[in-house]
Structure formats: C-alpha cells, structure tokens
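Here is the structure we will look at.
The values are calculated or read from the model by the stated rules, or taken from the named source; none is laboratory data. Predicted model, so just to flag it, every value in this text is computed and none were measured. Heads up, the Cβs are rebuilt from the backbone with ideal geometry, glycines too, and the neighbour counts pull from every protein chain shown. Calculation scope for accessible area: heavy atoms of the full protein, side chains included, ligands and nucleic acids excluded. Shrake-Rupley method; radii C 1.70, N 1.55, O 1.52, S 1.80 Å.
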Amino acid sequence: MFKKRMKRITPGQMIILSFATMIFIGACLLMLPFSTNDGKGAPFLDALFTSTSASCVTGLIMHDTAQYWSPFGQLIILILIQIGGMGVITMAILLFVLGGKKIGFKQRYFMQQSISAPKLGGIIRNTKWIIKATICVEALGAILLGIRFLPRFGLVKGLWYSIFHSISAFCNAGFDLMGTNQAYSSLTGYAGDILVSNVIAALIVLGGLGFFVWKDVVEYKHHLHKYSLQSKVVLFTTATLLIISTLYFFINDFSHWNMRLADQINVSIFQAVSPRTAGFNTADLAAMTEPSKAIMILLMLIGGSPGSTAGGMKTTTFAVLVLNAFATFRNKEDAGVYGRRIECQTIKNASTVAMMYVLLFLCGGIAISICENQ
C-alpha cells in the first residue's frame, strides 16, 4: 500500500514531504542537550521554528545563533541551510549518484521540478555542475571573509565563521554568528567594512540569480543575445531592482545618517540586496523610515529568481506582471519582451502566484495581530 501511494505522489507533494521530514529531523537534533550552550537542549517549539527557518532559508530566529546554540547546534543549522538552499531532492538524488545508484525517469522529473530546470534532458549533468559551482563560490566567499575573520577570531573560530557566513549568505539564509550584548545585531558591526559587506552582498546576489542564469553567463559570457529569455529577464529585473532600491535607500535614509559618504553608499547597496530573502542587515532597521520599511516588504515579496537558493514569488513573476500591466496600459493584446510574446498561461500562473502570496501575507499579518494584540 505504501509503495503504491509513493508511486502516485506528485513532484510538489514529494518536495513538501521532503522538507517536512528534514524539518522534523532537524528539530529533533536541535532538542539534544549538546545542541545548546546551556546543555539543556531547546524546547520543541523553539527547535521546530529554528529548523523550519533554516530549512526554508528565511533567517528568522527566536534565539541568537551564536549565544544560544552550541557549535554542534550551529552545525545542524548550517547543514539545514545548505540542504534547504540547494533543495532536499537535489541533495538526496546526488547522494544516489555518488553511490553509483541508477536514477530513473521519475527521480529525474522530481529533480527537474526541484531546481526549476527548463528541460528534463541533461538534468543529472546540470545538477553536478550546480553542486560544483556552489562549492567553488562558497569556498571563494569563505576565503575572502577569512581575510577579516581569521585575524579577529583566530584560526579555528575564524575559519568556522568564514564558512558559516559564506554558506548562509549564498543560500540567502540570513543566519549569522555575530551575537553581541545587543540582541540580533546581524552585521551592523561591519557596516563600514567594504570587504565583508560586499562579499556577503555578492554571495546573496549570486545565490539569488539562479543556477541556469549562471550557466548562460559562463557559457555565453558577454554575448547577451544568446542568453535564454529567462536569463535576460532575471538579469534585467535584478539589476533594475538593485539600482532603484539603492538610490531610494540612500536618498531617503542613509544620506541623513551620521556616516561617511562611502559608508552611506555601502549600507545603501547592502540594504538593497539583503531584503530579497537574505535577512542580513548592516543598519538599524528600526531606525529606518516607514516608507523604507514598506519598500523592504515589497523586495521581500519579490524575492530571488527561479532555480535559485532564494525564496519569494520570484523576479520573473514580478516582471511578467509588470509587462502585462504595460501591455494593458498601451492597449496591446499580448504582453512581450525581447521580441518574444509572453504566453497567456504564463501570465495566469504569475497572477495566481502573486495573489496567493498577497493572501497568505494578509492572513498571516491579521492572525499575528490578533494573537499578539498588536
């Protein structure tokens, strides 16, 4: 009976089941006595929340990661971040490949849905390339961060901090180990550090672009006309969002703060990058204006791109909605971009995803307001 049900399971159901299983196992491990610094283990709800946040790379925490969790607990969180960012099914099937197991059509189809691959052909080869590229980028990020962290924290701790923050940034997770007496300080201590803040920002952007955009960039380099339509839309939308939000944050917020001009620009760039599902911050978010917080909510709603480590409704969904709106304003029957017509089904899917996100956010906000009497 169980085998028959597993054969009928859809890719969407498999992804949900895989994440649920990983979250539960992670919560159980975080409840162990040696997972916390006090040796008592985390309460179930705290462990479940942290495991969910790490697996879904949201960056929300109930306890400061450095002060509450032991090195073992931090390792569990980091593993959950890496698997969650890359995709549970992708990592599981990769283990089968490394073990010499044969991957059938159904497993390949699940993998295609998990990483949002445009086609089924070459899915194993593409997955191997993704894993190798991820390891290289995360390793490079850790090396660059080590330039600052090793002298400050020593060899062992500095190396661990470099690896942890590189993976957390690339997977758009937002977990950090910079705990101080000021709760949830994130990277505010490195607001004026061009190396740390820009390496973290670069890792966030690279993780949020999507692996198939990478592939086009590596394969075709500066020959933009050879890129896929998705890659073109992703790159243009990402660049537009980054430029507009950087200028907005600089003009509306940080140009009025008591900082050097270089720091104001640096913080503005970082704050434009991070809200799109990463969760780090180099500035005091509570001190920012209400309109800026609203812009950050919009950036969080949009998120990253398909096939990336980031969440959100995706840059392509946002781009399709904007292009369709422009077509409607100009009284055009079909929306299009780069000489290509956008299919009606694509527009319907984008509208459905956007409506789902808005409804979930509204219902979630109302529920929290009622429960917390806000």
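Remarks
- FRET efficiency, 1/(1 + (r/R0)^6) with R0 35 Å, evaluated for Cys28 and Tyr357 via beta carbons: 0.70
- Taking amide H as placed 1.01 Å from N in the peptide plane, the amide H of Val337 sits under 5 Å from that of Ile342, each at least 5 places away or on another chain.
- Spin-label pair Lys348/Leu140, simplified geometry with 7 Å Cα→Cβ offset, distance in nm: 4.2
- Rounded to the nearest 500, the helix-only mean residue ellipticity at 222 nm of the chain stands at -22000 deg cm²/dmol, with each DSSP H run of n ≥ 4 adding -39,500 (n - 2.57).
- Net charge dipole size for the stretch 255-374 [Lys, Arg +1 and Asp, Glu -1 on Cβ; Debye, nearest 20]: 400
- Carbon + sulfur, % of accessible area of the stretch 200-326 - ligands and nucleic acids excluded, 1.4 Å: 72
- When the convex hull of its Cα atoms is projected in every direction, mean area for the stretch 294-374 (nm²): 7.0
- For the stretch 312-352, trypsin sites (Lys or Arg not before Pro) are listed when DSSP marks them as loop and at most 12 other Cβ atoms sit within 10 Å of their Cβ; the list is Arg330, Lys332.
- Compactness ratio for the chain: Cα radius of gyration over 2.2 N^0.38 Å (N = residue count) comes to 1.01.
- Unit charges on C-beta of K, R, D, E only; dipole of the chain, Debye: 2020
- The mean accessible area for residues of the stretch 225-323, using a 1.4 Å probe and ignoring ligands and nucleic acids, is 42 Å² per residue.
- Positive-pole candidate from Ser166, Thr352, Gln67, dipole of the chain, charges at beta carbon: Thr352
- Shown for the stretch 121-176: the carbon plus sulfur share of the solvent-accessible area, taken with all protein chains present and a 1.4 angstrom probe, equals 72%.
- Greater than 26 Å apart at Cα, pairs in Lys132/Lys314; Lys40/Lys157; Lys226/Lys314; Lys215/Lys332; Lys293/Lys314: Lys215/Lys332
- Remark: the stretch 320-366 carries a charge dipole of roughly 100 debye about the Cα centre, counting +1 on each Lys and Arg Cβ and -1 on each Asp and Glu Cβ.
- Distant-in-sequence amide H partners of Thr36 (H built 1.01 Å from N, under 5 Å): Gly41, Ser70
- Evaluated at q = 0.19 Å⁻¹: base-10 log I(q)/I(0), Debye formula over Cα of the stretch 218-374: -1.23
- Axial C-alpha extent at least 30 Å, average Kyte-Doolittle at least -1.0 - helices from the chain (DSSP): 123-153, 229-252, 344-372
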